Amino acid sequence: MSVPAVVEPGEALRVRRETFGDAIEFYAPGLKRWQSSEWVPEKANRFLPVSVTATACALQCDHCKTKVLEGMITVSREMDLFATAARLQAQGTEGLLVSGGSTKRGGVPLLPHVDAMRRVREELGMRVIVHSGVVSPKLAAGLAEAGVDGVMLDIMGAEETIREVYHLDLTPADFERSLALLAEHEMRIIPHIVLGLHYGRFLGEWHALEMIARHPVSTLILVVLTPLIGTPMADLEPPPLADVTDFFALARVTMPDTKVNLGCGRPGGAMKVALDRAAIDHGLNGIAYPAEGMVAYARERGLRPEFHEYCCSLTWANA
Amino acid sequence: MVTFDVAGYELAADRRYDPATHMWVDLDDDGNALVGLDPLGRETSGDVVALSLHEPGTAVGRGEPFGDLEAAKFVGPLVAPVGGTIAACNETVLADPGLLNADAGTHWLVVLAGVDAAELDGMLCGEAEVAPWFAAEVKRFRTQGAIAE
């Protein structure tokens, strides 16, 4: 796909106001300890991530190298998902992100845990969303049967990125097939696009957006490549700010009726401030862990902040 | 530097540790307090990406912020384990906060002057005091998923 024409921020903001009004949603799930001078969440452990593979992952992707799994709670043979959820609920947790490392086929091995997910939802009344990776027909059916609240997966639109960064022998069509399978089961689909994933530059992002826009997704989450220490990408620069913010506007007008949020994965420091301002200026619906000053800035722009202590993928829970 | 090991973490034996803030305090010859992150404070924060510290001359009370940290798993204020006046900020760490990822034990953040001896007395000191508390904290953070199990 060729690079689409740049959408003016004003147009993106207009589209956003037309469909969604003036509310802007800020999110602080319990994925990290976080507070700002504008917002101190009341319960940091309301929503927690668990890994069904501990820190193991067969892919060893260049941007992660299992670093993301290190901060998750481990589901083990000794304490299965249900027991883990019950333990966390006793400490005040209300929802889980069930995640984990990937198999060599690109999926998180969730199937052995779907019955526990159903019990967590039905018996404990907790919310359950999952990171699925590439979805098989069997897994899509299992997740639907378990009644999980939402399925999150990264969508990649360039075969080179899938092969070189994720070390997977798959194509973009395999990711689109996952979207179709989840849609077939009427799941809440929460696709993520990692902006700049191809070693800091844009490659398949536009195609990923095209694919996503063809399916009935619940919320689109945009995250930005964050070069992590201890990975092959540690010394890379994040993608250029202008490329990212242009994509914000493009995503907004491409999916005018779908909530588009800036997720928690993004570089910190000054770039985070710039990204968050741009997210507001370019008509995104929400921001996870907003940078200092963003609540005030949103108000300056005539938006009405709302605060949610859970994952920014759970947008339907705001109603 | 003499150290001791607790659950795989190396702790300096000559420091005081504050259970409330996961900060260490090292007194210099003039009685000023060098303040830094203890190993759990560092690890539960994740990789550090940005650091800001209040200006020298600023008075901070125990439990009050003396700066802000932005890291992979923590974003928020750095809280003083003892009260005092900021006499110096570590410019080396301010210029390269990533140094904390490799070794938070030697990289102090601020020097506090005029600290209250009674507040220092309330901190844990020596292996016999520190080890049981630190081991329990490791267990707690593992249960919460804040550090790898």
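Read the figures in this text as sums done on the coordinates, not as results from a lab. Just so you know, these numbers come straight off a predicted model, no measurement behind them. Cβ atoms come from the backbone with ideal geometry, glycine included; neighbour counts cover every protein chain shown.
Here are a few things to note about the model shown:
- Helix-only CD estimate at 222 nm, as mean residue ellipticity for chain B, using -39500 (n - 2.57) per DSSP H run (n ≥ 4): -6500 deg cm²/dmol
- Sparse packing (at most 13 other Cβ atoms within 10 Å of the Cβ) combined with a DSSP loop state is found for the following trypsin sites (Lys or Arg not before Pro) in segment A:154-227: A:Arg214.
- The convex hull of the Cα atoms of segment B:66-129, projected and averaged over all directions, covers 5.4 nm².
- Each of A:Asp169, A:Asp115, A:Asp257 was scored by other Cβ atoms within 10 Å of its Cβ. Listed from fewest to most, they are A:Asp257, A:Asp169, A:Asp115.
- The alpha-carbon of A:Lys65 sits under 26 angstrom from the alpha-carbons of these lysines, leaving out residues fewer than 8 places away in its chain: A:Lys32, A:Lys104, A:Lys272, B:Lys73, B:Lys139.
- Projected-area average for the protein assembly as shown over all orientations - Cα convex hull basis, square nanometres: 21.9
- Cleavage-rule hits (GluC sites (Glu not before Pro)) in segment A:42-83: DSSP loop, at most 10 neighbouring Cβ within 10 angstrom: A:Glu42, A:Glu78
- The aspartates and glutamates whose alpha-carbon is closer than 15 Å to the alpha-carbon of A:Lys67, local same-chain residues fewer than 8 away aside, are B:Glu43, B:Asp47, B:Glu149.
- Look at the Cα gyration tensor of chain B: its axes a ≥ b ≥ c give a/c of at least 1.5 with a/b at or below b/c, and that counts as oblate.
- The GluC sites (Glu not before Pro) of segment A:163-253 meeting both criteria, a DSSP state outside H, G, I, E and B (loop) and at most 16 other C-beta atoms within 10 angstrom of the site's C-beta, are A:Glu186.
- Rounded to the nearest 20, the size of the Cβ-charge dipole of the protein assembly as shown about its Cα centre is 1660 debye, with Lys and Arg at +1 and Asp and Glu at -1.
- Over the residues of chain A, the helix contribution to mean residue ellipticity at 222 nm works out to -10000 deg cm²/dmol, using -39500 (n - 2.57) for each DSSP H run of at least 4.
- Taking the centroid of alpha carbons for each part, segment A:185-220 and segment A:33-105 are 22 Å apart.
- Anisotropy class of segment A:156-279 from Cα gyration tensor, a/c 1.5 cut: oblate
- Kyte-Doolittle mean at least 0.0 and Cα axial length at least 15 Å: DSSP H helices in chain A: A:172-184, A:241-254, A:269-281
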